[in-house]
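The values are calculated or read from the model by the stated rules, or taken from the named source; none is laboratory data. Note that the coordinates shown come from a computational prediction; the quantities given were computed from them, not determined experimentally. Backbone-built Cβ (ideal geometry, glycine too); neighbour counts: all protein chains shown. Surface areas here come from the heavy atoms of the whole protein model, side chains and all, with no ligands, DNA or RNA. Shrake-Rupley method; radii C 1.70, N 1.55, O 1.52, S 1.80 Å.
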Amino acid sequence: MTRLGMVIDTFRCIGCHTCAMACKLENNLPNNNWWNRVLTVGGEDMDTPGGIYPNLSKKYFTLGCQHCTNPACTRVCPVGATYKREEDGVVFQDYDKCIGCRMCMAACPYTGVRNFNWEEPQYYVGIQTGSGGAPTHKKHTVEKCTLCAHRLARGEEPACCQDSICPGRARYFGDFDDPSSKVSQLLARYGGEQLLSDMQTEPNIYYIDSRGAGKDLSIANAYKEALNKTAGSEAVVASH
Amino acid sequence: MLEDTPALESRALTRRGFLKTSALVAGALAAYGGTTLLSGCDQNSIVQMTSNDDTYANCICRVNCFGACRIKCTIREGKIVNFAPAPLLDPNYNRICLRGLTHFQRIYDPDRILYPLKRIEGTKRGTNEFEQITWDEAIELFSSKINEAAEKYGPQSLGIWGASGSLSTINGGGGTPSFMFRFCNFQGATNIQNSVDMAQSHGQSRVVGGNMSSGLGDLINSKYIVTWGYNATESTIHSWHLIADGIDAGAKLVVIDPTYTTLASKADKWFQVKPGTDVALALSLMNVIYSNNLHDVDFLTNYTCAPFLVKPDGTYLRMSDLGMPAQTIPAASPLSAPTVIDPIAVWDTATDAAVNSEDGLAKTPAIEGTFTVAGQKCKTAFSHLIDEFSKYDPEFASEIVGLTPMQIKELALICADGPVAHLSGYGNQAYSTGVTVGAALATLPAITGNYGYEGAQQGTHWKFFPGFNYMPTMFESLADAANMDMTKFHSAKTIPNMCLPDVLEKGTFGFLDSTTGTYKETDWSLKILWQYVGNPMSNTGGTNILKEKVFSKFDFVVTSDNTFTDTCLWSDLILPIPHYFEQAEVHASGEHGFIMYSEKALEPMGESKSDADILRALTPKVKEWKFDATANSGKGGYVWTGEYMAKFFTQTDDEYTQDILTSEYCANLNISVDSLKKNGCMYDGTNPGIPMKGADGRPTFLTETGKVMFYTEHPAPRVNWGQKFDIDFERLPRYKGSFEASSDDVDLRKKFKFVIMSERPRFRVHSSWWSAPWLRELEPEPIVKINPEDAKSLGINNHDYVKVSNDRGHAIAKAIYHAGIRQGTVVYPKGWQEHQHKDGHGWSDLVNPEPDLVGVNGNFMDVLANIELWKG
């Protein structure tokens, strides 16, 4: 079996948004639409630390579809527009099938990783960006990270994990079912946290801290707390 | 080409109301973070493309962030659609960033300047009333202004001001040997030097002769990485993973910064110093190191000026003082000075006598003490330094720098436990005392011998290619330069931009009189301002003063740009230039050690012309002037030769670029236009990660003596116009309060409560990318980060708008609570254009434009102001 996913090193991540921008460029995302976002663990706003001097702390993590082994979204889709691909584990989103009911958005516990196009998608500049092959965005459909399925089909990594794209060298992509893969080795070495691991969704995005500089700062706990604080709202943690 | 771009389709269209629209857009983004008014295209026209017919070009992003990213651009159906890191010779340096991924939004910006624009007759500058004109009209207008002013006031009346908006070669700024630099020299115009981030290198050069950083690749060999005023994770994000590699290899990260930066959040130790006090800290660290006998006597004796004897008049005791005549070697060329050989003397404890420091006979020179030589009491340079740092014991320094004595001692022990990589940013030198920061930080590693071996380094990481041949900017041809034919030599005078208010007021500037060797106030009329590769109205301190005392004093203001900046707004003529990726160039400046060829991905859009092409179009109409001592009834003056400047600008881009790459340095590395075109990327000889040591394995310094010269016999200001300054103060790294941030003026500190610091955010480079919509989605409006305790005491809630003001002006921004801001300071991300702020005033309003007389350097951090709730 193949179980594709990512490992994100929160020590090396500096919250620069380059991966988020690479996603936007590759998938030609419409205005104000981000499939991969940078969240700050710390203060109330983006880039601000938590705590009081001198006991301050700050971390970043990126959030997109978690490509769960046991996704909540796929079970509720009435038309099979979102489904888990058996061959590689990608949780896919098919705009042609999507009827815009947004059941998947309600079912997914990772608030904000999906986006619904209420209107015709708008673009600042009249060109379609990216390496080519990303599906065209449509009004009244739900969309999200597909691990750049169109790139996977060409044997390439997702845009946010392509070679040298991450200025911090913090992002790794691979197959968790292959024990020799880099991502499996990183997990073996550093452990790794999953978001909302108690929801039985078994996400395939793992967060590690390669230096343990902020071991007391659990990404998972911070995410959970932030979700509780903003329950019922679309806003999640200090995002852009 | 994007023919259907909405900008300036009709010739009669003016830019009236441009700013209103843009401000509205910024407001809409800020308020809703959602719907936008910018949508420039009909989404139905977007057709799913396949990538089969894509072509690629490897282009260099040429802004001054030090990254120098080589970017693989994808061109599809004639448009640039994708960006990815292109390979460098060492893949560890392959790079791109969030900004680099949005270049298409600059290229296809609906508001991009694509045609020459002229301020409408009868309107005032700054009111945004422009009309489109043809290039023929623009050239006619500009050249006639230049010629008229030259005839009336002399050719120096044209001031050319370039910044660092492009650091390539032929169309570059930032000190590159560009075509524009050649024009400035040949015309005899005034080179207006963009005086930014130059103080530290001036102080450092005094001490070690140049930058002693061995590159970030060497960090894997360091025991400690100590950063000084270096916001690497924000301003130079590509340096972070190399720092992280050092940490992975075992180095401890120690951050010295008033602000809890992202880098500080990764650090083992963070020292929250007071802004503008790094020199006092460095002196206190030397104090602790010396008091604990942790200084390296062998290194000090053999590799520094420590044993050099200083006479009571402050100059070095030289062998000529002891009866050995000085030798003078005549100047090798008309452009160089004669060399005087007169070695400095040291005290030899073996023979109890002053002896030559250079003949190798003094086996045991004293590094401390005062000795009577030829009736004069001479003290060693190290004893002078000891006298200075002795004042800064940790208890005394504690109050100045804002650290506890224990913290200072802890940091000193770290500095003594090498190899240490002392990495400097440019934050700590953006104070009126910036030169001494450079000198002190270069001196500190010398005390413990922390130079010249793996893992030990000190400096910044901006590198300038050492292989350029500057002769083509001054001589008519390479052959003329080889023959030193001074009849074919042309040069311009330089005036730092910070001196402009004064020069324009008085109409004079102090230039060196070669006959007397003194500086003489010389009549100097400036009438026309031409700005290129820069946005000084936004990026220079004191915007109101700049408008009133600089821009308004020029008869005619011209700006070359492709985005409508604050500077364009205050211009009379705007010349459209291509985007970086629309012209082929060689690029050689940056943080990594590679020189690269930037391919042309697209044709220049609209009617844009490169700087070089503008000069080719302009110079056939610009008159050539020659100084004639008999003119003007014998008073001397410039006369027209009857010819035009075009004869000096006949070379193609490649021909000129090859000339400036014709040097021994380039030849040794096989660097030429052809080899760069063929290889794309080549080592530039400053390979990252190589310690600065000579062939014999000993440290080498770029000073005249080859040693660390922490005692400077004849300190000079960075730019000399005969100004008076305290020479003795400058001889050693000494601390004093700065103009404002660390001012000793109690009344001033009482009047203004906050030090206003800026950061260079990852969302812009200076003001570049100010309008890129994807970046504005992430960072929609100006903010100011404030410590919550300070904010609460002022009744300011998180996200309230605040007014930050001082006697020079004000700016409005959204307050963001940030517990990592040092109390008494605030930090703002810089680079917004004025209209992006509520009520239209920007951060640069607050910055002091007054030059310190030694560094003559932008004091961007040296700002005091007050903060209050803005009630709108």
task: Would you check if there is a residue in segment B:125-132 being at pLDDT 95 or above, of a type outside the set (Asp, Glu) and touching a Cys at 6+ places or on another chain (Cβ under 8 Å)?
output: no
field: Hits in segment B:304-351 (condition: of a type in the set (Val, Ile, Thr), open to solvent by 50 Å² or more (accessible area, probe 1.4 Å) and over 16 Å from B:Gly706 (Cβ atoms))
entry: B:Thr328, B:Ile329, B:Val340, B:Thr349, B:Thr351
- request: Using the structure shown, decide if B:Ala306 is in the same structural domain as B:Val373 (by TED's automatic domain parsing), modelled with pLDDT of 95 or more and not in a strand (DSSP E or B).
  value: yes
task: Tally the residues that are in contact (Cβ under 8 Å) with a residue 24 or more places away in the chain, over 28 Å from B:Ser610 (Cα atoms) and either in a strand (DSSP E or B) or open to solvent by 10 Å² or more (accessible area, probe 1.4 Å) (or both), restricting the search to segment B:542-552.
output: 3
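Would you call A:Tyr83 without any contact (Cβ under 8 Å) to a residue 60 or more places away in the chain, open to solvent by less than 30 Å² (accessible area, probe 1.4 Å), farther than 21 Å from A:Tyr123 by Cβ and more than 7 Å from chain B (Cβ to nearest Cβ)?
On the way: without any contact (Cβ under 8 Å) to a residue 60 or more places away in the chain: yes; open to solvent by less than 30 Å² (accessible area, probe 1.4 Å): no; farther than 21 Å from A:Tyr123 by Cβ: yes; more than 7 Å from chain B (Cβ to nearest Cβ): yes.
When the stated conditions are applied, A:Tyr83 does not pass them.
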- prompt: Within segment B:289-297, is even one residue more than 14 Å from chain A (Cβ to nearest Cβ), open to solvent by less than 10 Å² (accessible area, probe 1.4 Å), among the β-branched types (Val, Ile, Thr) and not in a loop (DSSP other than H, G, I, E, B)?
  reply: yes
statement: Among residues of segment B:729-759 being of a type in the set (D, E, K, R) and open to solvent by 40 Å² or more (accessible area, probe 1.4 Å), the residue farthest from B:Asp845 (Cα to Cα) is B:Lys736
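Please specify each residue of segment B:256-273 satisfying the condition of being among the acidic types (Asp, Glu) and out of contact with any Leu (no Cβ under 6 Å at 6 or more places or on another chain).
Step one: filter segment B:256-273 for residues among the acidic types (Asp, Glu), giving B:257, B:268.
Answer for segment B:256-273, where residues must be among the acidic types (Asp, Glu) and out of contact with any Leu (no Cβ under 6 Å at 6 or more places or on another chain): just B:Asp257.
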query: Restricting attention to segment A:149-168, which residues are open to solvent by 10 Å² or more (accessible area, probe 1.4 Å), in a loop (DSSP other than H, G, I, E, B) and either away from every other protein chain (no Cβ under 11 Å) or in contact with a strand residue (DSSP E or B) (Cβ under 8 Å, 6 or more places away or on another chain) (or both)?
result: A:Ala153, A:Gly155, A:Glu157, A:Gln162, A:Asp163, A:Ser164
- prompt: Looking at (1) of a type outside the set (Phe, Trp, Tyr); (2) within 7 Å of another protein chain (Cβ to nearest Cβ); (3) open to solvent by 10 Å² or more (accessible area, probe 1.4 Å), which is the one condition that is false for A:Asp47?
  reply: (2)
- request: Considering only segment A:182-203, state which residues are over 27 Å from B:Ile237 (Cβ atoms) and either touching a His at 6+ places or on another chain (Cβ under 9 Å) or free of Cβ contacts under 8 Å to residues at least 12 places away in the same chain (or both).
  value: A:Ser184, A:Ala188, A:Asp198, A:Pro203
task: Scan segment B:621-668 residue by residue and report those that are in a loop (DSSP other than H, G, I, E, B) and in contact with a helix residue (DSSP H, G or I) (Cβ under 7 Å, 6 or more places away or on another chain).
output: B:Val622, B:Phe649, B:Leu661, B:Thr662
query: Tally time: how many residues in segment A:1-34 are more than 10 Å from every other protein chain (Cβ to nearest Cβ), open to solvent by 10 Å² or more (accessible area, probe 1.4 Å) and assigned to a loop (DSSP other than H, G, I, E, B)?
result: 3
task: Return only the number of the condition from (1) more than 14 Å from every other protein chain (Cβ to nearest Cβ); (2) modelled with pLDDT under 95; (3) open to solvent by less than 20 Å² (accessible area, probe 1.4 Å) that A:Ser218 does not satisfy.
output: (3)
- request: Would you check which residues across segment B:72-93 are of a type in the set (Gly, Ala, Ser) and more than 8 Å from chain A (Cβ to nearest Cβ) and list them?
  value: B:Gly78, B:Ala86
task: Working only within segment B:104-132, note down all residues that are within 14 Å of chain A (Cβ to nearest Cβ) and under 17 Å from B:Thr567 (Cβ atoms).
output: B:Arg106, B:Asp109, B:Asp111, B:Arg112
message: I'd like the residue in segment B:125-174 that is assigned to a helix (DSSP H, G or I) and among the aromatic types (Phe, Trp, Tyr) and, out of all such residues, is least open to solvent (accessible area, probe 1.4 Å).
response: B:Phe142
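In the set B:Gly637, B:Gly642, B:Gly680, which member is more than 29 Å from B:Val208 (Cα to Cα) and in contact with an Asp or Glu (Cβ under 7 Å, 6 or more places away or on another chain)?
On the way: B:Gly642 fails: in contact with an Asp or Glu (Cβ under 7 Å, 6 or more places away or on another chain); B:Gly680 fails: in contact with an Asp or Glu (Cβ under 7 Å, 6 or more places away or on another chain).
Within the list B:Gly637, B:Gly642, B:Gly680, the selection yields B:Gly637.
A quick yes/no check of all residues on (1) out of contact with any Ser or Thr (no Cβ under 8 Å at 6 or more places or on another chain); (2) at pLDDT below 90; (3) buried (at least 18 other Cβ atoms within 10 Å of the Cβ); (4) not aromatic (Phe, Trp, Tyr):
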{"position": "B:Val639", "(1), (2), (3), (4)": "yes, no, no, yes"}
{"position": "B:Phe648", "(1), (2), (3), (4)": "no, no, yes, no"}
{"position": "B:Tyr656", "(1), (2), (3), (4)": "yes, no, yes, no"}
{"position": "B:Leu661", "(1), (2), (3), (4)": "no, no, yes, yes"}
{"position": "B:Leu676", "(1), (2), (3), (4)": "yes, no, yes, yes"}
{"position": "B:Met682", "(1), (2), (3), (4)": "no, no, yes, yes"}
{"position": "B:Lys693", "(1), (2), (3), (4)": "no, yes, no, yes"}
{"position": "B:Gly697", "(1), (2), (3), (4)": "yes, yes, no, yes"}
query: Does B:Leu98 satisfy being assigned to a loop (DSSP other than H, G, I, E, B) and open to solvent by 10 Å² or more (accessible area, probe 1.4 Å)?
result: no
query: Among the residues of segment B:315-350, which ones are at pLDDT 95 or above, assigned to a loop (DSSP other than H, G, I, E, B) and in contact with a strand residue (DSSP E or B) (Cβ under 6 Å, 6 or more places away or on another chain)?
result: B:Leu317, B:Ala326, B:Asp342, B:Pro343
- request: Inspect segment A:51-70 for any residue being open to solvent by 10 Å² or more (accessible area, probe 1.4 Å), within 14 Å of another protein chain (Cβ to nearest Cβ), within 17 Å of the chain's Cα centre (by Cα) and closer than 28 Å to B:Arg95 by Cα and give the result as yes or no.
  value: yes
